[in-house]
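The values are calculated or read from the model by the stated rules, or taken from the named source; none is laboratory data. What you see is a predicted model, and the numbers here were worked out from it, not measured in a lab. Using ideal geometry, Cβ is built from the backbone for each residue, glycine included, and neighbour counts are taken over all protein chains shown.
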Amino acid sequence: METPMIKNEVFEGDVCEVNITSGVSPKDVESLLDMARTSGLFTPNELLAAEDMAWGCAYQGDNTSCCFLQAKINTPDGDKPIGFLCFAEISHWAHNFELFGIAVTPEYQRLGIGSALIVEMERITLAANGKRILLETGDSRDFEELRLFYEANGYVMEQHFFKQFIPKDDGVVYCRLLESVENSDNFQ
């Protein structure tokens, strides 16, 4: 499986290579949860769910229902996680997937890392015969940049809801109907 790589200037004069990998190990869990916490976009209940999914993936590997993608850079101390995305097929609703959460550490935002994670998720979803990816996010001003990010990556706010996917009172649903993303130019 080919792993996308991005080279971006991160700090003045510094260039680093970003690798996107699938899976999570027990040693990665705390850094992923710290990223989710510091993003400010995860509610306490969502943080608990992310923790359950991360530990489940760390110990069950491919036997778990969700998939974690990680963006990492190579440092002198080893690989450093700088972003993640978690998604899964929606049970009892064939060919439909849900994006549970995405986070990129602040100093690496706006470099295309989140978009690269999205593209890799879509590639994996298409390979599993997925037809649609749904997600829920907040509708307040706090989530405006996140909504714009999803829209820039081809996600459309749903005006009607699916019986299997109804948002919370303060949420909105976005959907992406998948086509071949081989020639995608969705990187921001």
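Quick look at the numbers
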| item | result |
| --- | --- |
| Selected residue (criterion: modelled with the lowest pLDDT) from residues of the range 103-142 that are acidic (Asp, Glu) and in contact with a Pro (Cβ under 9 Å, 6 or more places away or on another chain) | Asp139 |
| Counted residues, the range 50-67 - those being surrounded by fewer than 15 Cβ atoms within 10 Å (Cβ to Cβ) and either under 22 Å from Pro106 (Cβ atoms) or not polar (S, T, N, Q) (or both) | 4 |
| Number of the exception - Glu17 against (1) surrounded by 13 or more Cβ atoms within 10 Å (Cβ to Cβ); (2) in a strand (DSSP E or B) | (1) |
| Hey, Tyr155 among the aromatic types (Phe, Trp, Tyr), without any contact (Cβ under 8 Å) to a residue 60 or more places away in the chain and buried (at least 16 other Cβ atoms within 10 Å of the Cβ) or not | yes |
| Close pairs from the range 33-51: first touching a residue at least 12 places away in the same chain (Cβ under 8 Å), partner surrounded by 14 or more Cβ atoms within 10 Å (Cβ to Cβ) and assigned to a loop (DSSP other than H, G, I, E, B), Cβ under 7 Å, at least 6 apart | Met35/Thr105; Ala36/Phe42; Ala50/Phe42 |
| Single residue of the range 109-150 satisfying the filter (over 14 Å from Leu178 (Cα atoms), among the acidic types (Asp, Glu) and touching a residue at least 12 places away in the same chain (Cβ under 8 Å)) that is surrounded by the most Cβ atoms within 10 Å (Cβ to Cβ) | Glu136 |
| Residue that is nearest to Ser39 (Cα to Cα), among those in the range 85-108 that are hydroxyl-bearing (Ser, Thr, Tyr) and either crowded, with 18+ Cβ neighbours inside 10 Å or within 16 Å of the chain's Cα centre (by Cα) (or both) | Thr105 |
| Count of residues meeting criterion [farther than 13 Å from Leu178 by Cα, in contact (Cβ under 8 Å) with a residue 24 or more places away in the chain and in contact with a Gly (Cβ under 9 Å, 6 or more places away or on another chain)] in the range 80-108 | 10 |
